[in-house]
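This report concerns only the one structure given below.
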Amino acid sequence: MTTVNDHPFVLDAEAIAALGTDPVPIEPYISPDYCEAERDLIFKKTWTYVGRVEQLPAPGSFFVKELPLCSTSLIVIRGRDGVVRAFHNMCPHRGNKLVWDEAGQANSMVCRFHGWAFRPDGSLSVVPEQEIFPGLDLAACGLTAVATDTWEGFIFINLDPDLALGLAEFLGPLGEELGGYPFDELTTCYAWRAELKANWKACLDAFIEGYHVRFLHRRSVADAFEGSADNRYCDAYGFKLYGDHRRLSIPGSSSRTPKPGEALAFRFGRPFVSREAGGPEVPACLNPTRNPSWAFDDISLFPNLALLLFNGSYLTHEFTPVSVDQTIWEGRYYFPPARNGADRFAQEYGACLLRDTLLEDASTLEQSQSVFASGARSTMILGEQEVAVRHLHAVVEDHVQGHPKLGW
Ligand code: FES
Ligand SMILES: [Fe+2]
């Protein structure tokens, strides 16, 4: 039995030890005041993931990102110059919500109220009956821009008008390390969305530890991730902390006995539970400890994105807080474009299996939230395998206390 602190593959033992071993408070999951502080000091201050560039394939492609905790809605749109920008979804005339569709294609965004029209770069192009607005400066009446940048095709926004840190600086060495992953080749997407009655941190917690796998996923995929014979509990390894972000590796097993449909899918492709089905060489940026039992790397980019990087596919979990006890969870599973029906079958099988696994993950979240506020306990107990959960809470607390780690 290994532990985080003596595991041969731990990279950041010192930083991890500095987090301590005390129980962590439940208050941040249930306190409206704490949630308000998170809104003001995290979600209105830091870079936040909102989507992928594949969602904006051409000039004029847009999607709307609702940010209910921050009381705003954003239009994320590709300009005629190819640049991805984000704007508050609010008409400068009388404040109407400009775009009501979730996504689409628009050469011009026209307000339904009085017909003011805006170009994809946010500039105002048309004001009906403009003469009734004497002295109106069209150039000063464009949409309100929000800082936007991309990293490896991931689109991030920052609501802070006094931006303290660029995206590259914010992502730091972790962003650089993951640069070799072929995100741009994995463009076929299967997506899920759920509105959960659970705090956003509780949702993220469920995806940054493997301790639950043997129990919560015993009916679905646990036997694919039990690791070697001496690692029956899916103990993760390779923990590394990167300022506000973190990564770890999850072990896999080749001993899973596939069901008949799964065996067929394994013959043609690489569902996420399949370690031995062949495929491309593992990108050098993955499996940093070179563990032969490696299955995937589990990365969380603060505050709202968990990235599960497999060899040949990857998964994003995006968490958007609505209130202290409500979160929108969007999962997206990316593959290379299917070359034929067999590829498609393998991908569909993998997506369905993943959906069932994610339903198991989601099953505990609302139940936990429903008793967090009972007052029965004021803390939760975290083991060494849950060090990423501990780190997330420490980072949130740093921000809420007003002393975030900025830069590297
Ligand atoms: S509120 Fe948009 S045109 Fe009047
Ligand atoms: Fe899980």
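The numbers here are math on the coordinates, done by the rules we state, and not lab data. Keep in mind the model is a prediction, meaning the values are calculated, not measured. Note that each Cβ is placed from the backbone with ideal geometry, even for glycine, and that neighbours are counted across all protein chains shown.
Given the Cα-Cα distance of C141 and S123 and 0.36 nm per residue of separation, how much length would full extension add, in nm?
Details: separation 18, 0.36 × 18 = 6.48 nm, distance 0.73 nm.
That works out to 5.7 nm of additional length.
If you average the sequence gap of Cα pairs under 8 Å that are 6 or more apart and divide by the length of segment 97-250, what percent do you get for the contact order?
On the way: 141 pairs, mean separation 15.6, N = 154.
Answer for segment 97-250 is 10 percent.
Please list 3J(HN,Hα) in residue order for segment 20-35, calculated via the Karplus relation 6.51 cos²θ - 1.76 cosθ + 1.60 where θ = phi - 60°; whole Hz, with x for glycine and proline.
Along segment 20-35, the couplings run x, 10, 5, x, 10, x, 7, 3, x, 8, 10, 8, x, 5, 5, 5 Hz.
Let me have the 222 nm mean residue ellipticity of the chain computed from DSSP H runs of 4+ only, each contributing -39500 (n - 2.57), with the sum over all residues rounded to the nearest 500. Don't jump to the answer; show the numbers that get you there.
Numbers: 9 runs with 92 residues, N = 408.
Helices in the chain give a 222 nm mean residue ellipticity of -6500 deg cm²/dmol.
For E102, E281, E54, which order do you get if you count the other beta carbons within 10 Å of each Cβ and list the fewest first? Working shown, then result.
On the way: E102 10, E281 6, E54 16.
Going from sparsest to densest Cβ surroundings: E281, E102, E54.
Compute the signed sum of charges (Lys and Arg +1, Asp and Glu -1) over the other residues within less than 12 Å, Cβ to Cβ, of L241.
Details: positive: K240, R246, R247, R390, K405; negative: D12, E14, D244.
Its environment carries a net charge of +2.
Given F43, L74, P92, which one lies farthest toward the positive end of the charge dipole of segment 33-97, if we put +1 on the Cβ of every Lys and Arg and -1 on the Cβ of every Asp and Glu?
Positive-most Cα among the choices belongs to P92.
Only residues of segment 357-391 count here: report those whose backbone N is under 12 Å from the spot 7 Å along Cα→Cβ of L19, or say none.
Only 382-391 pass the distance filter.
Taking other Cβ within 10 Å of each residue's Cβ, how do D137, D205 sort, fewest first?
Details: D137 8, D205 25.
Placing the least packed residue first, the sequence is D137, D205.
With Kirkwood's inverse mean 1/r over C-alpha pairs for Rh, give me the Rg to Rh ratio of the chain, two decimals please. Walk me through the numbers on the way to the answer.
Working: Rg = 22.5 Å, Rh = 22.7 Å.
A ratio of 0.99.
For E397 and R193 in one chain, what is 0.36 nm times their gap in residues minus the Cα-Cα distance, to one decimal in nm? Walk me through the intermediate numbers first.
Numbers: separation 204, 0.36 × 204 = 73.44 nm, distance 2.78 nm.
So the extension gain works out to 70.7 nm.
What ranking do F335, F345, F372 get, fewest neighbouring Cβ atoms within 10 angstrom at the top? Don't skip to the answer; put the middle values down first.
Values: F335 25, F345 17, F372 20.
Listing F335, F345, F372 from fewest to most nearby Cβ atoms yields F345, F372, F335.
With +1 on each Lys and Arg Cβ and -1 on each Asp and Glu Cβ, and nothing else charged, work out how big the dipole of the chain is about its Cα centre, in Debye to the nearest 20. Can you show the working numbers first?
Values: 35 positive and 53 negative charges, 211 e Å.
In total the dipole reaches around 1020 debye.
What percent do you get for the relative contact order of segment 41-132 when only Cα pairs under 8 Å and 6+ apart count?
21 percent
Could you pull out every residue, at least 5 positions away or on a different chain, whose amide H is within less than 5 Å of the one on G79? Hs are placed 1.01 Å off N in the peptide plane, and Pro or chain starts have none.
G60, V84, R85
Using the Karplus equation 6.51 cos²θ - 1.76 cosθ + 1.60 (θ = phi - 60°), what ³J(HN,Hα) coupling, rounded to whole Hz, does each residue of segment 231-239 give in order, writing x for Gly and Pro?
For segment 231-239, the Karplus-derived couplings read 9, 5, 9, 6, 4, 6, 8, x, 4 Hz, x marking Gly and Pro.
Could you state the number of Å between the C-alpha centres of segment 56-124 and segment 308-338?
Distance between centres, Cα-based: 23 Å.
Report the longest stretch of the chain that contains none of the trypsin sites (Lys or Arg not before Pro) sitting in a DSSP loop with at most 16 other Cβ atoms within 10 Å.
Within the chain, the longest run free of exposed trypsin sites (Lys or Arg not before Pro) spans 113-196.
Quick one: which residues, 5 or more positions from M380 or on another chain, have an amide H under 5 Å from its amide H? H modelled 1.01 Å from N in the peptide plane, none for Pro or chain starts.
Those qualifying (amide H under 5 Å, at least 5 residues apart or on another chain) are V24, I26.
Before anything else, pin down the relative contact order of the chain: Cα pairs under 8 Å, at least 6 apart, normalised by residue count, whole percent.
On the way: 791 pairs, mean separation 87.2, N = 408.
Relative contact order for the chain comes out at 21 percent.
Taking the Cα centre as origin and putting +1 on Lys and Arg beta-carbons and -1 on Asp and Glu beta-carbons, what dipole magnitude results for segment 1-129, to the nearest 20 debye?
On the way: 12 positive and 16 negative charges, 199 e Å.
In debye, rounded to 20, segment 1-129 gives about 960.
Under the 0.36 nm per residue contour assumption, what length would be gained going from the current alpha-carbon distance of S71 and L359 to full extension?
100.8 nm
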